[in-house]
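The values are calculated or read from the model by the stated rules, or taken from the named source; none is laboratory data. Everything numeric in this text was worked out from a predicted model, so none of it was measured. When we count neighbours, we look across all protein chains shown, and the Cβ atoms used for this are built from the backbone with ideal geometry, even at glycine. Calculation scope for accessible area: heavy atoms of the full protein, side chains included, ligands and nucleic acids excluded. Shrake-Rupley method; radii C 1.70, N 1.55, O 1.52, S 1.80 Å.
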Amino acid sequence: MGLRLGDDAPNFTAETTEGPINFHEWLGGGWGILFSHPKDYTPVCTTELGYMARIKGEFDKRGVKILAISVDPLDSHRGWMKDINETQNCTVAYPIIADPEKKVADLYDMIHPNSLDSMTVRSVFVIGPDKKIKLMLTYPASCGRNFDELLRVVDSLQLTAKYKVATPVNWKDGQDCIITPAVNDAEAKTLFPKGFKTIKPYLRVTPQPNK
């Protein structure tokens, strides 16, 4: 059976462009993103890893570590990183796992089922401080990912882990949130001193708690 939301993120040891890591030890007590790319020296992957490098500071602000992976070897990664830095006007400053034996790719079910057995799909896993999987996304190899959306999701995950709220459609950091149905009105008055608006008994809106 494949991984599901809420499952423990499988631990592993691996060689990366920044040295060997034990995944759980590397994460420490913080958040992490593990994302795969199908193959080195490919055009869509080049744009993805370059963009992630340019916005890594935003993930740093949120206490989120970044880790990439493909089944290519380390020497391939290091050569390709030079191309990424050159063509995408960036500096790749996060580790890339070399997984030629597909141990991590198999562990996280990243191998494309209808393509080459050496090609990983564009998978994304957001891991919480409790080492559990909070988000999984899978894109086909032909479609580049939206890393701005990952930032938005991380903001939501971190907010809803701390407060009894959910985030509505297209929500962005700083916008109003929804009070979870398990919170009654009396409790809501205590938890949300800024107040809330009742649109329907099951739909109550409040300003973002941590703003």
_Near pairs, Cβ below 8 angstrom, 6+ apart or cross-chain, from segment 157-185 (more than 23 Å from Trp31 (Cα to Cα) and open to solvent by less than 50 Å² (accessible area, probe 1.4 Å)) to any residue that is part of a loop (DSSP other than H, G, I, E, B) and modelled with pLDDT of 95 or more_ = Ile178/Thr167; Ile178/Pro168; Ile179/Lys164; Ile179/Phe192; Ile179/Phe196; Thr180/Lys164; Val183/Lys164
_Residue under question is Gly2, and the condition is that it be touching a residue at least 12 places away in the same chain (Cβ under 8 Å) and within 15 Å of the chain's Cα centre (by Cα); does it hold?_
no
_Looking at segment 156-187 only, could you name the residues that are more than 20 Å from the chain's Cα centre (by Cα) and outside any loop (DSSP other than H, G, I, E, B)?_
Val165, Cys177, Ile178, Ile179, Asp185, Ala186, Glu187
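Kindly provide the set of residues from segment 7-45 that are in contact with a His (Cβ under 9 Å, 6 or more places away or on another chain) and either at pLDDT below 95 or open to solvent by 20 Å² or more (accessible area, probe 1.4 Å) (or both), ordered by number. Break it down stepwise before answering.
Within segment 7-45, the first condition is being in contact with a His (Cβ under 9 Å, 6 or more places away or on another chain), and the residues that meet it are 9, 11-12, 16-17, 38, 40, 44-45.
Matches in segment 7-45: Asn11, Thr17, Pro38, Asp40, Val44, Cys45.
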*How many residues are open to solvent by less than 40 Å² (accessible area, probe 1.4 Å) and in a loop (DSSP other than H, G, I, E, B) if we restrict to segment 64-114?*
9
